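Visitor: One structure follows; several queries about it will come next.
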Amino acid sequence: MNYIVFDLEWNQSPGGKEGSVIGFPFEIIEIGAIKLNDKLEQIDTFHQLVRPKVYRKLHYKILEVTHMELEVLNREGRPFPQVVKSFLDWCGDVKNDVRFCTWGSMDLTELQRNMEFYYLENPFPMPLLYYDVQKLYKLLGGGEKVLSLDQAAEEMGIEEERPFHQALDDAYYTGKILGQMGFEKVKEFLSMDYYQLPQRKEEEVYLTFPSYNKYVSRTFETKEDALQDKSVSEIICPQCGRTLRKKIRWFSVNQKLDLGLGTCPEHGYVRGKIRIKKAEGGELYVVKTTKFVGEEALEEMSRRRQEVKKKRLERNKAKRQAQKKRNYSI
């Protein structure tokens, strides 16, 4: 298997959100990539500019970061459909022989969003698993703070041989970090891109990692619909696979996060996290993670549930008082 380490540069509406095309916030203007073999040795490169079609003026932030010139993009760039076809042909068999690697989680999503804008067929597998090198670097002890690519390269002592913030150069530095950070230690921690989501129950995704399990649901109309689904609401032991009795039933921390705690008679406490996310079409889907936790988690989650309950009671009380004031003023 080859590793495709790639980076995108994109433009956005120079007028801000008001001038942005719905469903198309970022227009790709550059694709850069390096191809690594299974020993993480560089064997090829790809670089092409894209001629802007939608946002024909560069946003000032893009100018500041990339130092690109619109004249160069118009003169040397090609239409996006041609560029992405060249890129995918260069990558090889994206369903079987390629693993994409990026710095951060946005590039694959934006690539697919740009392809859909041009009505291009999506060739990627579902689920689309990839390596988020930024996440892997943090897992290996890069600290609590999420570092930018140039910060991580400096921290690793990688010599600055070329400028940052251009697609091929950033792909080069991402590949350098990947090759030097101890990749084998975190190789099992794949990320999943959520642009393509399960549409039917049988397509739902179950992933197993060394320290936790992940479940990705199909889409639902409402949060209530999602939480009523058995696959969403049950807590499964990551070790033996049995459905667990809940020591602490699911409770909402906020609109996007629910917590619960199950207990396995053989393997102990299992904490569940349900994150509610919004799909491209506006529907909702669930990313649920489960992992083993110690005895202290029971006390911590009990305390947190009480705090949530107390805040909810206070909000309801404030609402009732506000309603009374409105009634008296009528």
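The values are calculated or read from the model by the stated rules, or taken from the named source; none is laboratory data. These numbers come from a predicted model, not from an experiment. Ideal geometry is used to build each Cβ from the backbone, glycine not excepted, and the neighbour counts take in all protein chains shown. The protein model used for the area step is the full one, side chains on, heavy atoms only, and it has no ligands, DNA or RNA in it. Shrake-Rupley method; radii C 1.70, N 1.55, O 1.52, S 1.80 Å.
Visitor: Provide the gained length on full extension for the span LYS319 to GLU234, in nm with one decimal, where the gain is 0.36 nm per separating residue minus the Cα-Cα distance.
Guide: Numbers: separation 85, 0.36 × 85 = 30.60 nm, distance 3.33 nm.
Gain on extension, LYS319 to GLU234, equals 27.3 nm.
Visitor: At a probe size of 1.4 Å, how large is the accessible area of LYS309, to the nearest 10 Å²?
Guide: About 110 Å², ignoring ligands and nucleic acids.
Visitor: Please give the Cα centre distance for the stretch 132-177 versus the stretch 295-330, rounded to the nearest Å.
Guide: Each part reduced to its Cα centre gives a spacing of 44 Å.
Visitor: Would you work out the charge dipole size for the chain about its Cα centre, treating the Cβ of every Lys and Arg as +1 and the Cβ of every Asp and Glu as -1, and quote it to the nearest 20 debye? All intermediate terms of the calculation are to be shown ahead of the outcome.
Guide: Numbers: 54 positive and 50 negative charges, 615 e Å.
For the chain, the charge dipole is close to 2960 debye.
Visitor: Next question, about the same structure. Relative to the present Cα-Cα distance, how much length would full extension add between VAL65 and SER105 at 0.36 nm per residue of separation? Spell out each step's value before the answer.
Guide: Working: separation 40, 0.36 × 40 = 14.40 nm, distance 1.91 nm.
Extra length available between VAL65 and SER105 comes to 12.5 nm.
Visitor: With r defined as the distance between the Cβ atoms of GLU296 and ILE22 and R0 fixed at 51 Å, what FRET efficiency is calculated, to the nearest 0.05?
Guide: On the way: r = 47 Å, r/R0 = 0.92.
It comes to 0.65.
Visitor: Of the listed pairs LYS246/LYS319; LYS53/LYS214; LYS247/LYS311; LYS145/LYS278, which have alpha-carbon separations greater than 30 Å here?
Guide: Beyond 30 Å: LYS246/LYS319; LYS53/LYS214.
Visitor: Assuming R0 = 35 Å, can you tell me the calculated FRET efficiency for the pair GLU203 and TYR118, based on Cβ-Cβ distance, to the nearest 0.05? Write out the running numbers ahead of the final one.
Guide: Values: r = 25 Å, r/R0 = 0.72.
After rounding to 0.05, the efficiency reads 0.85.
Visitor: If you don't mind, another one. How far is helix 80-91 tilted, in degrees, relative to the longest principal axis of the Cα atoms in the chain, given as a value from 0 to 90 rounded to the nearest 10?
Guide: Rounded to the nearest ten degrees, it is 90.
Visitor: Ignoring ligands, DNA and RNA, what accessible area per residue does the stretch 81-240 give at 1.4 Å, in Å²?
Guide: Dividing the accessible area of the stretch 81-240 by its residue count gives 49 Å².
Visitor: While we're on this one: Would you please calculate the Kirkwood hydrodynamic radius of the stretch 27-133 over all C-alpha pairs and express it in Å, rounded to one decimal?
Guide: Kirkwood radius, the stretch 27-133: 15.1 Å.
Visitor: Okay, moving on. So how far apart, in nm, are the two label points at GLU154 and LEU129 if each is 7 Å from Cα heading toward Cβ?
Guide: Spacing of the two 7 Å Cα→Cβ label points: 3.6 nm.
Visitor: Less than 24 Å apart at the alpha-carbon level, and either on another chain or at least 8 residues along: which lysines does that give for LYS317?
Guide: List returned: LYS256, LYS309, LYS325.
Visitor: Quote to one decimal, in nm, the extra length available between VAL308 and LYS246 on full extension: 0.36 nm per residue of separation minus the C-alpha distance between them. Walk me through the intermediate numbers first.
Guide: Numbers: separation 62, 0.36 × 62 = 22.32 nm, distance 1.83 nm.
Extending this stretch completely gives an extra 20.5 nm.
Visitor: Separation between the THR263 and VAL287 pseudo-spin-labels, each 7 Å from Cα along Cα→Cβ, expressed in nm?
Guide: 3.1
Visitor: I would also like to ask the following. Only one of the values [x] 174; [y] 190; [z] 129 was calculated from this structure for volume of the Cα convex hull per residue in Å³; name its label.
Guide: After the calculation, the listed value that fits is [y].
Visitor: With only alpha-carbon atoms counted, please give the Rg and Dmax of the stretch 43-200, in Å.
Guide: When restricted to the Cα atoms of the stretch 43-200, Rg and Dmax are 16.7, 48 Å.
Visitor: Report the trypsin sites (Lys or Arg not before Pro) located in the stretch 73-151 that are in a DSSP loop and have at most 11 other Cβ atoms inside 10 Å of their Cβ, or state none. Mind dumping the intermediate values first?
Guide: Values: sites: ARG75, LYS85, LYS95, ARG99, ARG113, LYS135, LYS138, LYS145; in loops: LYS95, LYS145.
Those that pass, being in a loop and sparsely packed, are LYS95, LYS145.
Visitor: Filter the GluC sites (Glu not before Pro) in the stretch 224-325 to those in DSSP coil with at most 13 other Cβ atoms within 10 Å of their Cβ, and list the result. Present the calculation step by step, with values, prior to reporting the outcome.
Guide: Working: sites: GLU224, GLU234, GLU266, GLU280, GLU283, GLU295, GLU296, GLU299, GLU300, GLU307, GLU314; in loops: GLU234, GLU266, GLU280, GLU283, GLU295.
Within the stretch 224-325, the qualifying GluC sites (Glu not before Pro) (loop, at most 13 other Cβ atoms within 10 Å) are GLU266, GLU295.
Visitor: Something else: I want to check the label-to-label distance for ASP225 and TYR212. Put each point 7 Å from Cα in the C-beta direction and report it in nm to one decimal.
Guide: In this crude label model, ASP225 to TYR212 measures out at 2.7 nm.
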